[in-house]
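Quick notes on the structure that follows.
Just so you know, all these numbers are worked out from the coordinates, no wet-lab data involved. These numbers were taken from a predicted model, which means no experiment stands behind them.
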Ligand code: KG4
Ligand code: ZN
């Protein structure tokens, strides 16, 4: 494998991020400017606001990432950027910044899939062992991906409706918790008792697919019924019961997929991988097996550019460069 230093950009949703990554494994700098506060009062990400923030922040985070990395432009081998999926107006800011830099500094350009990035966040912690199973759980994605070698992704399961993070955020909204709701549910869940029997969507026998919209509706109905009776909703118990349902399904399907596909490593990625209940449950479930399970530290689970640089390093080694027609692709497939 060639040595490489990559300057990476991520602007697919509500974080403006830039990082400098060496050989796909070493973080020289990793800068994230979050816009969460600007979207909070709307209860979700407002695409128009996201784009405007990216425009304001992109140069600042790029300069900071470059300076902190203590590298010269000569040492940088390529410019990488998330090309999709994500909000098109948000993606375009990163893609255009990357193109401008690549053009001016005469560097190759590398378009990276956002989910490949989330997966490769794990390689900043430890080397991959194939075949590998990745559970990706974020605001927009819930996927089980089988990897037999670097850069190849076989989608073996996915959500049929809401993403796990989306379910967390929608349930949080019902409970009148601030956006993004995942961390609040997580915190409250630890103070409550998971006694409410919310459904678990196992789907057809043997399926690795997920469904969270039924669970979300069950929680909303439960809360409305309690309120209609004039009783008080015990938010902690609702959070604990909802989280228990999500965590149980994610853990069991990941466990079964790992065993049935004979993998040598399981990795977890995406914002929901920050969930304490999920981290504990997966660790407990895999402890009894010989399959090593890895979950990145929380700052590498949520959106960042270090993960994009890590994924780009593989594309760099394979000389898979993008052309000047690189564009933001809102529903790019892995
Ligand atoms: O990966 P990410 O930062 O952005 C996307 O690509 O979607 O994931 C954001 C999602 C949000 O839905 C947020 O509520 C969820 O991750 N999240 C959590 C936790 N921290 C973030 N969900 C559950 N528990 C958490 N601790
Ligand atoms: Zn993400």
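Between 304, 275, 122, where does the largest GNM mean-square fluctuation fall for the chain, given springs only between Cα atoms within less than 10 Å?
Among 304, 275, 122, the largest GNM mean-square fluctuation belongs to 275.
Viscosity 0.692 mPa s, temperature 37 °C: give me the Stokes-Einstein translational D for region 266-334 in µm²/s, with Rh taken as the Kirkwood radius over C-alpha pairs. Write down the numbers at each step before the final one.
Working: Rh = 14.6 Å.
D, rounded to a whole number, is 225 µm²/s.
Per the helix-only calculation at 222 nm, which mean residue ellipticity applies to the chain, given -39500 (n - 2.57) for every DSSP H run of n ≥ 4 and division by its residues, nearest 500 deg cm²/dmol? Present the calculation step by step, with values, prior to reporting the outcome.
On the way: 11 runs with 142 residues, N = 334.
That calculation yields -13500 deg cm²/dmol at 222 nm.
Who wins for biggest fluctuation among 212, 103, 321 in a Gaussian network model of the chain, springs between alpha carbons below 10 Å?
Among 212, 103, 321, the largest mean-square fluctuation in the Gaussian network model of the chain belongs to 103.
Relative contact order for region 205-334: what percent, with Cα pairs under 8 Å and sequence separation of 6 or more?
About 20 percent, as a whole number.
What ratio of Cα Rg to 2.2 N^0.38 Å holds for region 129-295?
On the way: Rg = 16.1 Å, N = 167, 2.2 N^0.38 = 15.4 Å.
Its radius of gyration relative to the 2.2 N^0.38 Å reference: 1.05.
Relative contact order (percent) for the chain, with alpha-carbon contacts under 8 angstrom and 6 or more residues of separation? Before the final figure, lay out each step's value.
Details: 748 pairs, mean separation 85.6, N = 334.
This gives 26 percent for the chain.
Note down, for region 1-142, the three equivalent ellipsoid semi-axes (square root of 5 times each alpha carbon gyration tensor eigenvalue), biggest first, whole angstrom.
Details: eigenvalues 114, 83, 33 Å².
Ellipsoid semi-axes (Å, largest first): 24, 20, 13.
So which residue, out of 266, 171, 226, gets the largest mean-square fluctuation from a GNM of the chain using Cα contacts under 10 Å as springs?
Of 266, 171, 226, the most mobile in the Gaussian network model is 226.
Under the Kirkwood approximation applied to all pairs of distinct alpha-carbon atoms, what is the hydrodynamic radius of the chain in Å?
On the way: mean 1/r = 0.0493 Å⁻¹.
Its Kirkwood hydrodynamic radius stands at 20.3 Å.
Could you give the distance between the Cα centres of region 205-278 and region 1-43, to the whole Å?
With region 205-278 and region 1-43 each reduced to a Cα centre, they are spaced 28 Å.
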